[in-house]
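Before any comments, here is the structure.
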Amino acid sequence: MRCFAQSWGIVVGGTILQNELLKNLPDAFRVQSPGGVQIAYAVIPAISSLPATLKDEVRAVFARATRLIWQVMIGVSGAGLLSVLLMREEKLRQDMDEQWGLREDGLGPASLQSQNELEWKVADAADVELAQVPPAERK
């Protein structure tokens, strides 16, 4: 779930940045940027070589776009906080099922009398063939 949320955060943030830059960058600067690429990545290296007035305008557009990203993400976080506050508490079970996960066909851990009965061996061809037979058909 965390990776899903991170992916959406990156997509939403990138979209906001791209749209704000396309909408607010000065026309004199936008015509210099290559078309068909993410404008944020294309213009960052060029900012340092701009004239002072144009450089200040471009930096201000980046700052406004970043501020808008933060505002949107704060809103999403607030919605997440409100949704958590509306959740009800679910009590966890306190009892324990001693037979949970144990098999009754004699092939699982229930068939072992103690830890001392564990025996390690290298699998051979007969073991591989036996593993391919359904449990109901085994001898």
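For region 2-85, a simple Cβ point-charge model (Lys and Arg +1, Asp and Glu -1, everything else neutral) yields a dipole of about 120 debye relative to the Cα centre. Each residue of region 59-72 is assigned a 3J(HN,Hα), and the resulting list reads 5, 5, 5, 4, 5, 5, 5, 5, 4, 5, 4, 4, 5, 5 Hz, derived from the Karplus form 6.51 cos²θ - 1.76 cosθ + 1.60 (θ = phi - 60°), x at Gly and Pro. Spatial offset of region 72-95 relative to region 1-67 amounts to 34 Å, using the alpha carbon center of each. Counted residue by residue at 0.36 nm each, then reduced by the alpha carbon distance between them, the extension gain from Lys23 to Ala131 reaches 32.5 nm.
Computed from the coordinates by the stated procedures, all read-outs in this text should not be read as laboratory data. The model shown is predicted, which means the values in this text are computed figures rather than measured ones. Counting neighbours? That spans all protein chains shown, and the Cβs are built from the backbone with ideal geometry, glycine included.
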